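Trainee: Got a structure for you, written out below as structure tokens; questions coming shortly.
The values are calculated or read from the model by the stated rules, or taken from the named source; none is laboratory data. Bear in mind the structure is a predicted one, so any value in this text is a computation, not a measurement. Here the Cβ is made from the backbone with ideal geometry for all residues, glycine too, and neighbour counts use every protein chain on show.
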Amino acid sequence: MSENKPRTGPQPWTPGDEWKQPGEARLFAPATLRNRDAILAVLRDVLPAQGLVLEVASGSGEHIAHFALALPGLTFQPSDPSAEALASIAAWTRDQGLPNVLPPLRIDAMADGWPVDRADAILCINMVHIAPWAATEGLIRNAGRILREGGPLYLYGPFRRPGRELEPGNAAFDASLRERDAKWGLRELDEVEALAKAAEFGAAQVVEMPANNLSVVFRKRPILRVADGADGGDRTRTAFRAERF
Ligand SMILES: C[S@@+](CC[C@H](N)C(=O)[O-])C[C@H]1O[C@@H](n2cnc3c(N)ncnc32)[C@H](O)[C@@H]1O
């Protein structure tokens, strides 16, 4: 893949492809330079002013370095299952001298028992369509456990939407992903939202992004505190009527 090649939509990137330079731990994913400011603009509204932001599937680590520089009140925890990505994230953090980025953790979204118990927000950029569906299931299940009431789960990437045909660029991208791995491909936003609802998130807030991508934000539903006896013994339950968006 070359920067001179015409781009009709989102482009895939996985560690180990030709963005790696010889003798260099940092990976370079050119798409991050094109999308990072549009994503940051949305994150400025979505993220709290302070707290811990966990990123799942940090990839090269270029996004988290950019966000950490722009949002110094937050502490960022990068993660990825790939050893090559972990080395790249650490190298980018070192290179930029970022005090608010923690050492990267090895996290496979599919697995349970993530080495993080609590976060104030979770980001996952360009993973849902470039990993088996079980990774999205695990991401949302674990996010539901880790986030507190109102905490945002932010997803970015191209999705299928009910009643809309895929744009030609996304259709071609989807076909190329499926060719690379039959378990990959653009996901139905409805199906992602159903997982989120089951994990006690509210409805999706969707923001249209450049190059036919979406920002999708789910917030953890508030827990309704119930006075002793009013619920027949259950002291807390999820307030299903309370929607943040
Ligand atoms: C296309 S890259 C996106 C990287 C980065 N977020 C970006 O936008 O440049 C996909 C990333 O998903 C990661 N990934 C794949 N399967 C995963 C899984 N099961 N759990 C967590 N991350 C996964 C890959 O290692 C890779 O870093």
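Trainee: Which is in contact (Cβ under 8 Å) with a residue 40 or more places away in the chain, within 14 Å of the ligand (Cβ to nearest atom) and of a type outside the set (Phe, Trp, Tyr), of Ala83, Ala31, Ala111? Please lay out each step first, then the result.
Mentor: Working: Ala83 fails: in contact (Cβ under 8 Å) with a residue 40 or more places away in the chain; Ala111 fails: in contact (Cβ under 8 Å) with a residue 40 or more places away in the chain.
After applying the criteria, what remains is Ala31.
Trainee: Then there's this: State whether the residues of the stretch 208-229 include one that is acidic (Asp, Glu) and at pLDDT below 95. Talk me through it step by step, then tell me what you get.
Mentor: Going through the stretch 208-229, the residues acidic (Asp, Glu) turn out to be 208, 228.
Retained after the next criterion (residues that are at pLDDT below 95): 228.
Among the residues of the stretch 208-229, at least one is acidic (Asp, Glu) and at pLDDT below 95, which makes the answer yes.
Trainee: Another question, if that's okay. Give the residues of the stretch 127-179 that are assigned to a strand (DSSP E or B) and in contact with a Pro (Cβ under 8 Å, 6 or more places away or on another chain), sorted by residue number.
Mentor: Initial filter on the stretch 127-179 (assigned to a strand (DSSP E or B)): 147, 152-157, 159-160.
Across the stretch 127-179, the qualifying residue is only Gly157.
Trainee: Something else: Among the residues of the stretch 132-145, is any more than 15 Å from the chain's Cα centre (by Cα), within 26 Å of Ala194 (Cβ to Cβ) and acidic (Asp, Glu)?
Mentor: To start, the set of residues in the stretch 132-145 that are more than 15 Å from the chain's Cα centre (by Cα) comprises 145.
Those still in the list that are within 26 Å of Ala194 (Cβ to Cβ) too: 145.
Add one more test, that the residue is acidic (Asp, Glu), and what stays is none.
For the stretch 132-145, residues more than 15 Å from the chain's Cα centre (by Cα), within 26 Å of Ala194 (Cβ to Cβ) and acidic (Asp, Glu): absent.
Trainee: Right, next: How many residues are touching a residue at least 24 places away in the same chain (Cβ under 8 Å) and part of a helix (DSSP H, G or I) if we restrict to the stretch 38-80? Can you show your working first?
Mentor: Just the residues of the stretch 38-80 that are touching a residue at least 24 places away in the same chain (Cβ under 8 Å), to begin with: 38-40, 42-44, 46-80.
Next, only the ones that are part of a helix (DSSP H, G or I) stay: 38-40, 42-44, 46, 62-70.
Matching residues across the stretch 38-80 total 16.
Trainee: I've got another one for you. If I ask for residues that are surrounded by fewer than 20 Cβ atoms within 10 Å (Cβ to Cβ) and within 16 Å of the ligand (Cβ to nearest atom), which ones from the stretch 47-78 would you list?
Mentor: The one that is surrounded by fewer than 20 Cβ atoms within 10 Å (Cβ to Cβ) and within 16 Å of the ligand (Cβ to nearest atom): His66.
Trainee: Quick one: in the stretch 89-106, of everything that is in contact (Cβ under 8 Å) with a residue 12 or more places away in the chain and outside any helix (DSSP H, G or I), which residue is surrounded by the fewest Cβ atoms within 10 Å (Cβ to Cβ)?
Mentor: First pass over the stretch 89-106, keeping only residues in contact (Cβ under 8 Å) with a residue 12 or more places away in the chain: 89-93, 95-96, 98, 100-106.
This time we only want the ones that are outside any helix (DSSP H, G or I), so: 98, 100-106.
Numbers: Leu98: 19, Asn100: 16, Val101: 27, Leu102: 17, Pro103: 10, Pro104: 23, Leu105: 19, Arg106: 14.
So the residue we want is Pro103.
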